Amino acid sequence: MRRVYLDHSATTPVDPAVVSAMTPYFNEIFGNPSSVHQFGREAKVAIEEARGKIADFINAEPSEIIFTSGGTESDNFAILGVALAGFKRGKNHIITSKIEHHAVLDVCIYLQKNGFDVTFLEVGSDGIVDPDDVRKSITSRTCLVTVMHVNNEIGTIQPIQEIGKIAQEYNIPFHTDAVQSLGKIEVDVKNLNVDLLSASAHKIYGPKGVGFLYVRKGIYIEKFHHGGSQEAGRRAGTEAVPLIVGFGKAVEICAERMKYDYEHVSMLKERMVKGIYESGFDEFLILNSPLDKTIPHILNFSVNSSKIEVDADALIYGFDLRGVAVSNGSACTSGSLKPSHVILALGRDEKTALATVRFSFGRGNTVDDVDYAVEVFAEIVRSFVEKVALK
Ligand SMILES: Cc1ncc(COP(=O)(O)O)c(C=O)c1O
């Protein structure tokens, strides 16, 4: 059976050049970077090289990069670390949005249960946060604003620069989750006006299990990994040297080919949208990714429940049965699907939110992949239409 991978926002294959760069660090250059001997020093040099490449890529200083185990840890670290620092100064209010990834949302909910007030900002029907809403929500107790750069389900690019400016005016630390934007569009921490930024390697053809948190010099953050003095005393634990080296290499490759990748996935997205509209089943769909406000590698549709009722499981497994890997963005709890909080935040009803498909494109995709996925999508929707007609 033909297999097409259209789930690059979930994860990407590791680039062979990244694998080659990492390989010697498993059993040749295997020292502990904290060791003072030659073996340790070699590993330390490799970490610092990766740190330098990453810092350059986001226009930061190497000392502002803290390696972590991935996007989830970076988000947790940023939010808990800044919240705790704020709490000590009598501040206990956080501003975020309703469409954040669970790595942000659930930390905010956790803090809410532990003495913090959290404002979860609405988004417009286009999935964009209004910077004015951020300004209106600020109080004298606000210790953190956290709004994601690019949404992982629908691909909307948030007005980070403007939100950052507002946060600066009030001297409030501003964090952004850039897990879906790093390596895809420009991420320049100075341009974006951010104080903290999270990223992850496995979304950019790097290995799973490594990420970084950028913390602008001068921003105080409480640490919550205690032990050794790694990462300048900010995150204890022996560094994952091969993974960090791989992350550095993945970033180096992104720096070289970002423009090409952008054009490639833009072409694929345009072709898919055109294919869907030309196939004539678009009348049953709602586009959740406004084309002028989203990143090109993400495209999200819902099947409109007011036009046709679909079984959400059958929709997603319909793709899988035909070899096409897509995602629906819904959380699966104890066997039953829950509608995506992001699609609900756009104002869709629960049934429509459940019947959602996210396509996410990557370097290895071809126009044939896209054409096949359109065919499969059309076939699945038609089968729902026929079922309804038979009833
Ligand atoms: C926006 C966003 N934030 C955070 C994460 C979590 O990253 P990781 O898988 O590296 O923990 C993801 C992963 O899907 C994501 O898309």
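The values are calculated or read from the model by the stated rules, or taken from the named source; none is laboratory data. Worth saying up front: this structure is predicted, and the values here are computed from it rather than measured. Cβ: placed from backbone, ideal geometry, glycine included. Neighbour counts: every protein chain shown. Protein only, heavy atoms only, side chains kept; ligands, DNA and RNA dropped before computing areas. Shrake-Rupley method; radii C 1.70, N 1.55, O 1.52, S 1.80 Å.
Brief remarks follow.
- Listed by position, the helices (runs of 4 or more DSSP H) enclosed by region 182-285 that each have at least 3 residues that are under 30 Å from residue 380 (Cβ atoms) are 241-279.
- Only one of 20, 34 that is in a loop (DSSP other than H, G, I, E, B), at negative phi and away from the ligand (no atom under 16 Å from the Cβ): 34
- Tallying residues that are under 14 Å from residue 219 (Cβ atoms) and either in a loop (DSSP other than H, G, I, E, B) or within 16 Å of the ligand (Cβ to nearest atom) (or both) within region 48-73 yields 4.
- Close Cβ contacts (under 6 Å, 6 or more residues apart or on different chains) running from residues in region 252-280 that are at pLDDT below 95 to residues that are of a type in the set (Gly, Ala, Ser) comprise 279/378.
- Apart from one condition, residue 193 fits all of (1) at positive phi; (2) touching a strand residue (DSSP E or B) at 6+ places or on another chain (Cβ under 9 Å); (3) within 16 Å of the ligand (Cβ to nearest atom); the exception is (3).
- Test: residue 239 is open to solvent by 60 Å² or more (accessible area, probe 1.4 Å) and among the acidic types (Asp, Glu): no
- On the stretch given as region 299-321, residues that are under 20 Å from residue 345 (Cα atoms), in a helix (DSSP H, G or I) and open to solvent by 70 Å² or more (accessible area, probe 1.4 Å) total 0.
- Only a single criterion out of (1) surrounded by 23 or more Cβ atoms within 10 Å (Cβ to Cβ); (2) more than 16 Å from residue 8 (Cα to Cα); (3) out of contact with any Phe, Trp or Tyr (no Cβ under 9 Å at 6 or more places or on another chain) is not satisfied by residue 328, namely (2).
- Which numbered condition residue 283 fails, given (1) surrounded by fewer than 20 Cβ atoms within 10 Å (Cβ to Cβ); (2) outside the structural domain of residue 383 (by the TED database): (2)
- The residue of region 71-99 that is nearest to the chain's Cα centre (by Cα), among those that are open to solvent by less than 60 Å² (accessible area, probe 1.4 Å) and among the polar types (S, T, N, Q), is 74.
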